[in-house]
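**Q** Structure incoming, see below.
The values are calculated or read from the model by the stated rules, or taken from the named source; none is laboratory data. Small disclaimer: the values here were computed from a predicted structure and weren't measured. We place every Cβ from the backbone using ideal geometry, glycine too, and count neighbours over all the protein chains shown.
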2 protein chains.
Amino acid sequence: MPERDLHYLAELAAQLRVDSVRAAAAAGSGHPTSSMSAADLMAVLFACHLRYDFADPGNPANDHLIFSKGHASPLLYSLYKAAGAVDDEELLTFRKRGSRLEGHPTPRLPWVDVATGSLGQGLPVGVGVALAARLERLPYRVWVLCGDSELAEGSIWEAAEHAGDEGLANLTVIVDVNRLGQRGPTRHGWDTGAYARRFGAFGWHTIEIDGHDPGQIDFALSDACNTRRRPTVILAKTRKGEGVLEVENREGAHGKALKDPDKAVEELGGVRDLRVEVHRPDEAPAPFRFDDGALELPAYKTGDSVATRTAYGEALAALGAARGDVVALDGEVGDSTKTELFAEAFPERFFQMYIAEQQLVAAAVGLQVRGWKPYAATFAAFLTRAYDFVRMAGVSGASIRLVGSHAGVAIGEDGPSQMGLEDLAMMRPVHGSTVLYPCDANQAAALVAEMADLEGVSYLRTTRGATPVIYEPGERFPVGGSRVLRRSAEDRVTIVAAGVTVHEALAAADELAAADVPVGVIDLYSIKPVDAAALAEAATTTGNLITVEDHRLEGGLGDAVLEAVSELGPRVVQLGVSGLPASATPEEQLADARIDRRAIVAAVKRLL
Amino acid sequence: MPERDLHYLAELAAQLRVDSVRAAAAAGSGHPTSSMSAADLMAVLFACHLRYDFADPGNPANDHLIFSKGHASPLLYSLYKAAGAVDDEELLTFRKRGSRLEGHPTPRLPWVDVATGSLGQGLPVGVGVALAARLERLPYRVWVLCGDSELAEGSIWEAAEHAGDEGLANLTVIVDVNRLGQRGPTRHGWDTGAYARRFGAFGWHTIEIDGHDPGQIDFALSDACNTRRRPTVILAKTRKGEGVLEVENREGAHGKALKDPDKAVEELGGVRDLRVEVHRPDEAPAPFRFDDGALELPAYKTGDSVATRTAYGEALAALGAARGDVVALDGEVGDSTKTELFAEAFPERFFQMYIAEQQLVAAAVGLQVRGWKPYAATFAAFLTRAYDFVRMAGVSGASIRLVGSHAGVAIGEDGPSQMGLEDLAMMRPVHGSTVLYPCDANQAAALVAEMADLEGVSYLRTTRGATPVIYEPGERFPVGGSRVLRRSAEDRVTIVAAGVTVHEALAAADELAAADVPVGVIDLYSIKPVDAAALAEAATTTGNLITVEDHRLEGGLGDAVLEAVSELGPRVVQLGVSGLPASATPEEQLADARIDRRAIVAAVKRLL
């Protein structure tokens, strides 16, 4: 690299440091020192290797850059400024109310794919974006900037395993090994070899460099671009707070503005106004998409018994035939969730993520960055493993579809470790989420199709055992709706149920009707958004509601109902799981948890 | 090893296979094939290396055996039978209602330390038990049986990193590499070298063997016992369903009883009734415990402003001086959670788990197996990373104390990725959990002390910013209680709040009182169990409740209140976070989320 270029790169890096210091100073908070360590790395990336059209963030040929160390947001925003995407005035709005330049990056900025700030997530999401490139046959690259501290996260090694195994040569991770975490030294300090051994064992190409030497950085980035059949990790030894004596390589300087920013700026050579000309990507072919076709959802005969998980698998396969943008992911339980039916029909659009639920959800998030419609399924219980990823998908506004099978005590003999009993409570508070819980196969199939165009995180809860088909094929079940299954003017109670408990509620209603106690039954298949109007009507007319769910009492269907009617003041009795189940048959489980027909009848009698 | 011993070991392994087949046959379900692959491994362990007194499971010198592959429960129970701990009749109650022999092991059995069945958890918990051995200066060993599929879980690599770094030579992992996961081949099949490279890179001693050769197994287990300064992983190549042609090394034979169990038993040489004499542990010194002292909780002056996270750190340090059994764990944010105050005072009892929240919680679970009282803290938002571990801790009945700092939008500028907004919703449904949320420093300190003797999973939610001290030092705050802060006979509404919103509620009440609208205020510091009596009284007397919380509307304090009063039918208005916050000051955040004093006043006016 010619001398003048090296000089320019050093100057650009200095500007990024200066602007990081200035942005944090204007905010009075933020992470300037974590930005300063990675300034040279990003300066060389932007000036020499990134292919990105800032004027057209939607260009399919654009590279993708993910700041897994999201707290280095001052550096990211300083890069945007150098690239001419934001101006100096906006830079100084950092962390202020109304600014797009938040404490940690979010897709409120058009150049940010996903929100980061929960460490260890950017890389697994990057794996998903890299998988998308392969699917759509585009030559873009995915660059991920990681901190060294976050390499302690297991999700990093789920990603390392998956990317290594897939040979994702279009993925490059740059690790800013500044040796200092938030509260002190990291486990491995500057021992980049420790990280290289680990990534190497997972099949990666590894490069160890001085992260403040533009020539070494340029060589490493070129090497990454030229490496085939393997992802590359660049382990860059850096100094936190590089360039300012007050904070350079010092503990106790994490996550705060510098004490004397003016002096720091002076020490860094003063304010500059350099531009970086980021290369626009070469013309690329249009993204490959699979063919669309007609949607023919499976049709189940009323009276038959079919598991909603089976309907999920069959509907997903039907949807796959209808829509080329639908993809499916499995956490190595596809024979249980029935994702295998899609996998058999559309192997190119199927992703086996093995037992790595964080990577499962993260890959879905990465795939939707490029417009794919991912459905990711595992046991409802095991989605708890990925809760932080689901939460952050909500912050990202990512449109992903999650499916949790084997919900509730109704699974029977396998016992509590396999029972999804907290999933509704977990999914409802996720920002922008939709939560669906079908009770029969036709309803499940309809909701699977409905989910394809939902925005945000949507969740479908399915059941292991077969349940009676009570709806006709082709009936519509709009999100936010409900179904009144029993109603009369004489109803003194309305039972609100979903999933398996709908059938218990119907049986209870029949038994009560025979004893001249007419009760209403609502199938609340849409837990969020909830059909507040229907619930309000029931609450007003009967004045008494009983909610019954195969889920813990806290946070699920019952609470959704209470929230909807709380200002109306009906009496509501909640039936749900409160103890610790053990092994038993499904029927015994429902009885022991007091959510079966008998318990419902008893609750009605107690209430009246 | 003499020939007759090899013969005995082969016979014992055959018996374990036979009994696994029989147990699953009696149940009509279960995982016999996953048991059969590991039978030789466990036969040699039980006969030659395990040190365990089945008559005295509480013997501190006992080894610990954790079936991380919990679905191999038929093998575990067959081992118990061979050891004389359960009889054949009980073995055949497998998976039946009322049996201790559940589908996946739980501590309902006195020899089981922790529930397993969610894969990838046994090893991280084993790391915690191994750390406990070091703390209490006992020579017991920790043996963990893993499946190969579960090595895809990131939590395994968090554990590998921690155990390797700590040099936990008392920890041995035996991996049953049977090459077949639930729905087909694993990623690496029988390539034990792939796993060896990975564990080796993380600093482990690795041994690759034929898992059906008792001599090799014995040698490997001896080698593990003789290895110093490093944990050992034994990578054993095995065949799933070994010994029965119908299922041996075949896909599609996972998780089901054999079709023809009688034939399988015959093929395995018939039913045997061998006993295995498990060596009792040598006499060991009493477990080391740190000294107890007097408890002098920090005292904060009313009117001062102190963050509850600071009170947590100071109270924890005080508790550490009072109780030698208290230990603390940090997820590399101890300067934020204030765990650092304990770390400075009691470095021997402090565990830095780095940014690995699954291992953080798992280590706490492991430490409590041996009677320690762990407090594990990170940001409330990042506890979502460990939700499956928290869930399973509930199933295990583990007594651990979790602390989530930086709760809610009140953190201010850092933005949504750092805000704990789903933590109450996540913690409340956990089986046997306690959920606490203090509003001032004295209350926080009292609750920290209160938690020490709580059983099950308890959770304390703390706040980043300083809040006014409103309670006197030394006041008691029993779990399940609440505090009435404003009440008059004329109250037309009662505001129920906790944490930061208590102070907003008080300000609103004062403003309303000045306008002749008297309202009550309840500090609901115990979210679970909740003070149903106090809430019922408020609901009955004023008829109107307003709940206000710095948490999402779904699943938190508001829902806890609704659950408590739902059968009484008061009108309840819920205030909480519904949109997606960005960066702003704490005051702006509370206002934007409409949970500040102004929003409360408006809600009261709207309600009346």
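**Q** For the list (1) within 25 Å of B:GLY184 (Cα to Cα); (2) β-branched (Val, Ile, Thr); (3) assigned to a loop (DSSP other than H, G, I, E, B), I need the number of the one condition that B:VAL112 fails.
**A** Only one criterion is unmet by B:VAL112, namely (1).
**Q** Can you tell me which condition A:THR541 does not meet? The list is (1) touching a helix residue (DSSP H, G or I) at 6+ places or on another chain (Cβ under 7 Å); (2) modelled with pLDDT under 95, and all the others hold.
**A** (1)
**Q** Could you check B:TYR300 against (1) in a loop (DSSP other than H, G, I, E, B); (2) loosely packed, with under 15 Cβ neighbours inside 10 Å and say which number it fails?
**A** Result: B:TYR300 passes all but (2).
**Q** Restricting attention to the range A:469-480, which residues are of a type in the set (Asp, Glu) and either in a strand (DSSP E or B) or more than 14 Å from A:TYR525 (Cα to Cα) (or both)? I'd like the intermediate steps shown before the answer.
**A** Going through the range A:469-480, the residues of a type in the set (Asp, Glu) turn out to be A:472, A:475.
Within the range A:469-480, A:GLU472 is the sole residue that qualifies.
**Q** Also, I was wondering about something else. Quick one: count up the residues across the range B:326-341 that are over 19 Å from A:LEU151 (Cβ atoms), among the β-branched types (Val, Ile, Thr) and at the interface with another protein chain (Cβ under 10 Å from one of its Cβ atoms).
**A** The number of residues fulfilling the criteria is 2.
**Q** Please state which of the following conditions B:ALA376 fails to meet, knowing it meets all the rest: (1) touching a strand residue (DSSP E or B) at 6+ places or on another chain (Cβ under 9 Å); (2) within 12 Å of another protein chain (Cβ to nearest Cβ).
**A** (2)
**Q** Name the pairs: first residue in the range A:258-284 and under 30 Å from A:ASN62 (Cα atoms) and acidic (Asp, Glu), second residue surrounded by 15 or more Cβ atoms within 10 Å (Cβ to Cβ) and at pLDDT 95 or above, Cβ to Cβ under 7 Å, at least 6 apart or on different chains?
**A** That search, which allows pairs on different chains as well, returns A:ASP282/A:ALA61.
**Q** Test each condition in (1) more than 22 Å from A:GLY334 (Cβ to Cβ); (2) more than 8 Å from chain B (Cβ to nearest Cβ); (3) not β-branched (Val, Ile, Thr) for A:LEU436 and report the one that comes out false.
**A** (1)
**Q** Can you confirm whether B:GLY84 is under 29 Å from B:ASP5 (Cα atoms) and outside any helix (DSSP H, G or I)? Walk me through it before giving the result.
**A** Values: under 29 Å from B:ASP5 (Cα atoms): yes; outside any helix (DSSP H, G or I): yes.
The answer is yes for B:GLY84.
**Q** Follow-up. Looking at A:SER99, A:SER118, can you tell me which residue is part of a loop (DSSP other than H, G, I, E, B), free of Cβ contacts under 8 Å to residues at least 40 places away in the same chain and at the interface with chain B (Cβ under 8 Å from one of its Cβ atoms)? I'd like the intermediate steps shown before the answer.
**A** Working: A:SER118 fails: free of Cβ contacts under 8 Å to residues at least 40 places away in the same chain.
Of the residues listed, the single one that is part of a loop (DSSP other than H, G, I, E, B), free of Cβ contacts under 8 Å to residues at least 40 places away in the same chain and at the interface with chain B (Cβ under 8 Å from one of its Cβ atoms) is A:SER99.
**Q** Given the criteria in a helix (DSSP H, G or I), of a type in the set (A, V, I, L, M, F, W, C) and touching a residue at least 60 places away in the same chain (Cβ under 8 Å), does A:LEU506 qualify? Write out each step before concluding.
**A** Working: in a helix (DSSP H, G or I): yes; of a type in the set (A, V, I, L, M, F, W, C): yes; touching a residue at least 60 places away in the same chain (Cβ under 8 Å): no.
No.
**Q** Determine whether B:LEU590 is in a helix (DSSP H, G or I) and either more than 10 Å from every other protein chain (Cβ to nearest Cβ) or over 19 Å from B:SER488 (Cβ atoms) (or both). If you could, list the steps in order and put the result at the bottom.
**A** Working: in a helix (DSSP H, G or I): yes; either more than 10 Å from every other protein chain (Cβ to nearest Cβ) or over 19 Å from B:SER488 (Cβ atoms) (or both): yes.
Yes: the conditions hold for B:LEU590.
**Q** Within the range B:304-321, does at least one residue satisfy the condition of being at negative phi, surrounded by fewer than 20 Cβ atoms within 10 Å (Cβ to Cβ) and either under 24 Å from the mean Cα position of the chain (by Cα) or in a loop (DSSP other than H, G, I, E, B) (or both)?
**A** yes
**Q** Does the range A:240-288 hold any residues that are in contact with a strand residue (DSSP E or B) (Cβ under 8 Å, 6 or more places away or on another chain) and over 26 Å from A:GLY147 (Cα atoms), and which are they?
**A** Result: A:ARG280, A:PRO281, A:ASP282.
**Q** Confirm whether A:GLU537 is closer than 20 Å to B:THR547 by Cα and either out of contact with any Cys (no Cβ under 6 Å at 6 or more places or on another chain) or assigned by TED's automatic domain parsing to the domain that holds A:ASP491 (or both).
**A** Working: closer than 20 Å to B:THR547 by Cα: no; either out of contact with any Cys (no Cβ under 6 Å at 6 or more places or on another chain) or assigned by TED's automatic domain parsing to the domain that holds A:ASP491 (or both): yes.
In short, no.
**Q** Right, another one. Regarding A:ASP40, is this residue among the charged types (D, E, K, R) and farther than 17 Å from A:VAL177 by Cα?
**A** Numbers: among the charged types (D, E, K, R): yes; farther than 17 Å from A:VAL177 by Cα: no.
Judged against the criteria, A:ASP40 is not a match.
**Q** Turning to a different aspect of this structure: Any idea how many residues of the range B:81-108 are surrounded by fewer than 19 Cβ atoms within 10 Å (Cβ to Cβ) and within 28 Å of B:GLU357 (Cα to Cα)?
**A** Selection size over the range B:81-108: 2.
**Q** If B:ARG476 meets every condition in (1) in the same structural domain as B:GLU563 (by TED's automatic domain parsing); (2) more than 25 Å from B:ARG598 (Cβ to Cβ) apart from one, which number is that one?
**A** (1)
**Q** Okay, next question. Out of the residues in the range A:543-557 that are within 12 Å of another protein chain (Cβ to nearest Cβ) and either aliphatic (A, V, I, L, M) or part of a loop (DSSP other than H, G, I, E, B) (or both), state the one that is farthest from A:SER417 (Cα to Cα). Before the answer, list the steps.
**A** Taking the range A:543-557 first, the residues within 12 Å of another protein chain (Cβ to nearest Cβ) are A:543-547, A:549, A:551-557.
With either aliphatic (A, V, I, L, M) or part of a loop (DSSP other than H, G, I, E, B) (or both) added as a condition, the list becomes A:543, A:545-546, A:553-557.
Numbers: A:GLY543: 38, A:LEU545: 31, A:ILE546: 28, A:LEU553: 18, A:GLU554: 18, A:GLY555: 19, A:GLY556: 19, A:LEU557: 21 Å.
Among those residues, the one meeting the criterion is A:GLY543.
**Q** Restricting to the range A:224-259, and then to whatever is assigned to a loop (DSSP other than H, G, I, E, B) and of a type in the set (Val, Ile, Thr), can you tell me which residue is surrounded by the fewest Cβ atoms within 10 Å (Cβ to Cβ)? Walk me through how you get there before you give the answer.
**A** Kept after step one, since they are assigned to a loop (DSSP other than H, G, I, E, B), are these residues of the range A:224-259: A:227-231, A:238-259.
Next, only the ones that are of a type in the set (Val, Ile, Thr) stay: A:227, A:238, A:244, A:247.
Values: A:THR227: 15, A:THR238: 25, A:VAL244: 24, A:VAL247: 23.
It comes out as A:THR227.
**Q** Output the residue which, of all residues in the range A:37-60 that are closer than 19 Å to A:ILE174 by Cα and out of contact with any Leu (no Cβ under 8 Å at 6 or more places or on another chain), is surrounded by the most Cβ atoms within 10 Å (Cβ to Cβ).
**A** From the range A:37-60, those closer than 19 Å to A:ILE174 by Cα are A:37-52; that's our starting set.
Those still in the list that are out of contact with any Leu (no Cβ under 8 Å at 6 or more places or on another chain) too: A:37, A:51.
Working: A:SER37: 31, A:ARG51: 17.
Ranking the candidates gives A:SER37 first.
**Q** Just the residues that are over 22 Å from B:ALA47 (Cβ atoms) and touching a residue at least 24 places away in the same chain (Cβ under 8 Å), please, taken from the range B:209-247.
**A** Keep residues of the range B:209-247 that are over 22 Å from B:ALA47 (Cβ atoms), which gives B:228-231, B:240-241, B:244-247.
B:ARG228, B:ARG229, B:ARG230, B:PRO231, B:LYS240, B:GLY241, B:VAL244, B:VAL247 - these are the residues of the range B:209-247 that are over 22 Å from B:ALA47 (Cβ atoms) and touching a residue at least 24 places away in the same chain (Cβ under 8 Å).
**Q** Moving on to the next point. Given B:ASN178, B:ASN170, which one is closer than 19 Å to B:GLU248 by Cα and buried (at least 22 other Cβ atoms within 10 Å of the Cβ)? Let's see the steps before the verdict.
**A** Values: B:ASN170 fails: closer than 19 Å to B:GLU248 by Cα.
Checking each option against the conditions leaves just B:ASN178.
**Q** How many of the residues in the range B:184-214 are assigned to a helix (DSSP H, G or I) and within 29 Å of the chain's Cα centre (by Cα)?
**A** We begin by selecting, within the range B:184-214, every residue assigned to a helix (DSSP H, G or I); these are B:192-201, B:214.
Going one step further and asking which of them are within 29 Å of the chain's Cα centre (by Cα), we end up with B:195-196, B:198-201.
The number of residues fulfilling the criteria is 6.
**Q** List the number of the failed condition for B:ARG571; all other conditions in (1) facing chain A (nearest Cβ under 9 Å); (2) closer than 23 Å to B:ASP440 by Cβ; (3) surrounded by fewer than 19 Cβ atoms within 10 Å (Cβ to Cβ) hold.
**A** Among (1) facing chain A (nearest Cβ under 9 Å); (2) closer than 23 Å to B:ASP440 by Cβ; (3) surrounded by fewer than 19 Cβ atoms within 10 Å (Cβ to Cβ), B:ARG571 violates only (2).
**Q** Further question: Those residues that are in a loop (DSSP other than H, G, I, E, B) and either over 18 Å from B:ARG428 (Cα atoms) or within 13 Å of chain A (Cβ to nearest Cβ) (or both), I need them from the range B:523-542; list them, please.
**A** Within the range B:523-542, the first condition is being in a loop (DSSP other than H, G, I, E, B), and the residues that meet it are B:524-525, B:529-531.
Across the range B:523-542, the qualifying residues are B:PRO529, B:VAL530.
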